[in-house]
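The values are calculated or read from the model by the stated rules, or taken from the named source; none is laboratory data. Given the structure is predicted, the values throughout are model-derived calculations rather than measurements. Because the Cβ atoms are built from the backbone with ideal geometry, glycine has one as well, and the counts that use them run over all protein chains shown. Each accessible area value is taken on the protein alone, full model and side chains, heavy atoms only, with ligands, DNA and RNA left out. Shrake-Rupley method; radii C 1.70, N 1.55, O 1.52, S 1.80 Å.
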Amino acid sequence: MDKIVVRGGVSLHGEITVSGAKNAALPLVFASLLTDGECTLQRVPHLVDIRTALRLLRDLGVQYDWLSDNHLALCARTVRHYEAPYALVKTMRASFLVLGPLLARFGRARVSTPGGCAIGARPVNIHLDGLQRLGASIRLHHGYVEAQAKRLRGAYIPLDFPSVGATENLMMAATLADGTTVIDNAAREPEIEDLATMLNAMGARITGAGTPTITIDGVDSLHGAVHEVIPDRVEAGTFLIAGAITSGDLFVRGARADHLTTFLAKLRETGTHVEEQAGGIRVVGTGRPSGVEIITRPYPGFPTDLQAQTMAFLCLGDGRSVITETIFENRFLHAQELVRLGADIRLAGNTAIVHGVAMLSGAPVMATDLRASVSLILAGLAADGITEVSRVYHLDRGYERIEEKLASLGADIRRIKE
Ligand code: UD1
């Protein structure tokens with residue numbers, strides 16, 4: 001397993017371009033299952049999670065081709081299987097998103113349940129309840145969801161919680177249902193809007209994506225389309241913190257302020273200078289951040305996917321910060337590793353109390369999940385001496401060439417292949 005070695009203390013300067021959003025690209029590649037036409041996606045990031053999705057699609061019979069660096073063509077004319085195996089779904093929960101499209105187009109699907117993961121139990125009850133409302137018969141058998149429906153029927157689906165994955169699965173399934181579906185209390189993330197834009201380009205009739213009520217008028221079939229994936233707001237936020245934590249000056253090209261409103265407001269509250277400019281966001285670090293209070297919430301609230309990175313920054317704060325995680329029950333695994341770097345963090349249930357310290361000191365640490373890994377790299381960029389982050393395979397799931405990108409901004413960072 002590779003390691004990332006960072007020597008801290010260098011201010012980052014320059015310009016960096018954000019890649020396409022992982023969390024948008026994953027449902028978009030799975031949406032190709034809804035048509036026998038060719039779907040072409042631009043700005044697809046090269047990530048382990050995308051490779052896992054493509055492996056699953058290839059096993060199902062989908063053909064794909066990288067036309068150029070981040071330009072991917074997919075065609076699901078001939079689908080041979082309707083099954084997503086445990087081995088893939090357990091490594092990447094988003095594989096569960098093949099369920100809606102397979103069921104809608106072929107009337108059947110067999111998809112492993114994802115099981116738990118490091119950050120929590122993560123059940124799929126909201127997905128399954130919604131599909132049942134669309135008329136699917138669902139049976140749980142030997143760890144698999146077996147779903148069938150001659151043709152799905154439009155329905156009213158109120159969600160207990162605005163789950164991102166369930167909204168995506170149900171929106172995809174409903175495009176080919178007979179009649180109108182209304183998803184209430186839907187997730188409002190930009191990735192949902194991006195998926196709806198692509199589905200509409202394929203001939204779907206979806207309105208309201210980005211609001212709590214999404215309406216989908218079912219159609220008989222969809223066709224191919226060309227679509228550009230939105231920039232990754234989590235990667236953008238991560239680079240903004242990299243600039244702030246190193247007291248640097250960065251221009252993050254492609255970062256969209258309208259996708260990061262709550263996060264940017266918090267960053268400003270810490271005293272960091274953040275400026276929206278044409279084509280991106282500039283950040284200028286201004287030294288130790290003021291302590292702030294953060295509560296993660298569904299979009300447009302503070303994103304759970306930027307909680308770990310923000311915690312790393314607040315560890316160096318001038319004052320006390322309180323971070324409450326409400327989306328996942330076990331998403332503070334990075335805290336103990338940050339403590340190894342000298343941070344003062346106390347955990348009480350889903351709340352972390354961070355007393356800022358003047359300096360962190362480099363040490364060997366271990367990554368436990370995707371966003372935790374990058375928070376340790378951010379802390380390492382600011383820490384005194386060398387920080388060695390092991391188990392970085394988590395990082396490769398969600399960040400495209402991160403060490404190269406950070407090195408291009410002046411960071412002293414390298415990957416050691418093992
Ligand atoms: C997506 C993102 C992930 C992000 C998360 C929350 C992708 C590929 N991943 O994950 O990066 O952290 O949104 O913004 O887009 N839940 C249930 N029952 C369900 C579904 C979800 O109880 O049927 C719970 C989960 O256990 C979790 C919470 O709802 O506690 C949020 O999950 P959800 O919004 O579904 O996240 P994902 O789509 O898995």
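With both residues required to sit in the stretch 22-228, DSSP beta bridges show an antiparallel share near 70%.
Placing +1 at every Lys and Arg Cβ and -1 at every Asp and Glu Cβ, with all other atoms neutral, what dipole size does the stretch 22-228 have around its Cα centre, in debye to the nearest 20?
For the stretch 22-228, the charge dipole is close to 640 debye.
Computed on the chain, the Cα convex hull volume stands at 123 Å³ per residue. The alpha carbon radius of gyration of the stretch 288-392, expressed as a multiple of 2.2 N^0.38 Å, is 0.97.
In order along the stretch 93-103, phi translates into HN-Hα couplings of 4, 4, 4, 4, 6, 6, 4, x, x, 4, 5 Hz, rounded to whole numbers, per the Karplus curve 6.51 cos²θ - 1.76 cosθ + 1.60 with θ = phi - 60° and x for Gly and Pro.
Distance between the C-alpha centers of the stretch 175-195 and the stretch 1-74? Whole Å please. Using only Cα atoms to place each centre, the spacing works out to 23 Å. Between the stretch 120-172 and the stretch 83-116, the alpha-carbon centres lie 11 Å apart. Karplus-based coupling profile of the stretch 6-11, in residue order and whole Hz: 10, 9, x, x, 9, 6, with θ = phi - 60° in 6.51 cos²θ - 1.76 cosθ + 1.60 and x standing for Gly or Pro.
Work out, in µm²/s and without decimals, the Stokes-Einstein translational diffusion coefficient of the stretch 157-310 at 25 °C, 0.890 mPa s, Rh from Kirkwood over C-alpha pairs.
Estimated via Stokes-Einstein, D reaches 145 µm²/s.
Here the stretch 192-237 is treated as an ellipsoid with the same Cα gyration tensor; its semi-axes, largest first and in whole Å, are 22, 15, 5.
To put it simply, the accessible area of the chain at a 1.4 Å probe is 48 percent carbon and sulfur. Residues of the stretch 393-416 falling in the label zone of TRP66, defined by backbone nitrogen less than 18 Å from a point 7 Å along Cα to beta-carbon, are 396-405. Spread over its residues, the convex hull of the C-alpha atoms of the stretch 140-200 is 103 Å³ per residue. Peptides 183-193, 202-212 ranked from most to least packed give 183-193, 202-212, packing being the mean of other C-beta atoms within 10 angstrom over each peptide's residues. Taking amide hydrogens as placed 1.01 Å from N in the peptide plane, the amide H of ILE157 sits under 5 Å from those of VAL182, ILE183, ASP184, each at least 5 positions away in sequence or on another chain. What separates the Cα centres of the stretch 233-305 and the stretch 376-415 is a distance of 18 Å. Over the stretch 33-144, accessible surface divided per residue gives 43 Å², non-protein components excluded, 1.4 Å probe.
Using C-alpha pairs under 8 Å with a sequence gap of at least 6, the mean separation divided by the residue count of the chain gives a relative contact order of 21 percent. The mean sequence separation of alpha-carbon pairs under 8 Å and at least six residues apart, normalised by the residue count of the stretch 1-56, gives a relative contact order of 40 percent.
Counting only other residues whose beta carbon sits under 9 Å from that of GLY115, what net charge do I get with K and R as +1, D and E as -1? For residues surrounding GLY115, the net value is +3.
Please report the base-10 log of the normalised intensity I(q)/I(0) for the stretch 22-228, using a Debye sum with one equal scatterer per alpha carbon and no solvent, at each q in 0.09 (1/Å). Log10 I(q)/I(0), no solvent term: -0.28. Within the straight-line cut-off of under 30 Å between alpha carbons, the lysines reachable from LYS3 are LYS22, LYS90, LYS405, LYS417, sequence neighbours fewer than 8 places apart in one chain being disregarded.
Computed 3J(HN,Hα) for the stretch 184-201, one whole-Hz value per residue from the Karplus formula 6.51 cos²θ - 1.76 cosθ + 1.60 where θ = phi - 60°, is 9, 6, 6, 5, 10, 4, x, 5, 5, 4, 5, 5, 5, 4, 5, 4, 5, 5, glycine and proline marked x.
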